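Data block below; observations after.
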Amino acid sequence: MRWRAMTADDLDGVVAVAAIAFPDHPEGRACFAERLALCPGLCFVLAEGSRVRGYLIAYPWPLGEIPPLDTLLGSLPEARDTYYLHDLALLPEARGQGQAAAGLAMLFARVAAPIALVSVNDSAAFWRAQGFAEADRPDLRRKLASYGADARYMVRPARVTIGH
């Protein structure tokens, strides 16, 4: 298995992985296709041959806002001071092998700005280990409730580069 750039040919596999990883938050193929079209440089799949075993999707987005699930965005907003990690999903057989960290390393190498996400499925401890911290945003509580009781808005600060 290896991470590589996502292509349109991967979308059916991405939808299949998403249905297993996020059964309570289904999203249609059109949403994944649009995210790929809007920000292809930050959409990846974990592939084994032609089979998709996982995926990662991120795109520029305003800090403190959550894009709506299963909704076409139309375009990326002009005010976008951070990146939003829409999904990181792996099939059960791909978990526990360091693949999530490898996918995130690709994202972190490309993005120096802050990265935000919504943690679901009791994954907040995993995200904390990746450098994310919960951001208490009372203005987001209603939106977060639609993701489940354990949903948390989390932010990883901008990467700091030390010059020589």
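The values are calculated or read from the model by the stated rules, or taken from the named source; none is laboratory data. What you see is a predicted model, and the numbers here were worked out from it, not measured in a lab. Methodologically, a virtual Cβ is constructed for each residue, glycine included, from the backbone with ideal geometry; neighbour enumeration extends over all protein chains shown. Note: accessible area is taken over every heavy atom of the protein model, side chains too, but ligands, DNA and RNA are not part of it. Shrake-Rupley method; radii C 1.70, N 1.55, O 1.52, S 1.80 Å.
So the values come out like this:
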| read-out | value |
| --- | --- |
| Within segment 31-119: Cβ-based charge dipole about Cα centre, in debye rounded to nearest 20 (Lys, Arg +1; Asp, Glu -1) | 260 |
| Sulfur and carbon atoms: percent of accessible area, segment 11-164 [1.4 Å] | 55 |
| Net charge dipole size for segment 85-164 [Lys, Arg +1 and Asp, Glu -1 on Cβ; Debye, nearest 20] | 220 |
| Among A129, A30, A47: highest mean-square fluctuation, GNM of the chain, C-alpha pairs under 10 Å | A129 |
| Cα centre as origin, Lys/Arg/Asp/Glu Cβ charges: segment 9-164 dipole, Debye | 380 |
| Area of V52 that stays accessible when all protein chains are in place (1.4 Å probe, Å², to 10) | 10 |
| In Hz, Karplus ³J(HN,Hα) per residue of segment 45-52 (6.51, -1.76, 1.60; θ = phi - 60°; x = Gly, Pro) | 10, 8, 10, 10, x, 9, 8, 7 |
| Charge dipole (the chain, unit charges on Cβ, about Cα centre) - positive-most of V17, L104, A30 | L104 |
| Set of segment 30-62 residues, backbone N closer than 14 Å to the point 7 Å along the Cα-Cβ line of D70 | 30-32 |
| Probe 1.4 Å, accessible area per residue of segment 1-157, Å² | 48 |
| The chain: relative contact order as a whole-number percent, Cα under 8 Å and 6+ apart | 20 |
| Whole-Hz couplings from phi, Karplus 6.51/-1.76/1.60, listed for segment 131-144; x for Gly and Pro | x, 8, 10, 5, 10, 6, 10, x, 5, 9, 4, 5, 5, 5 |
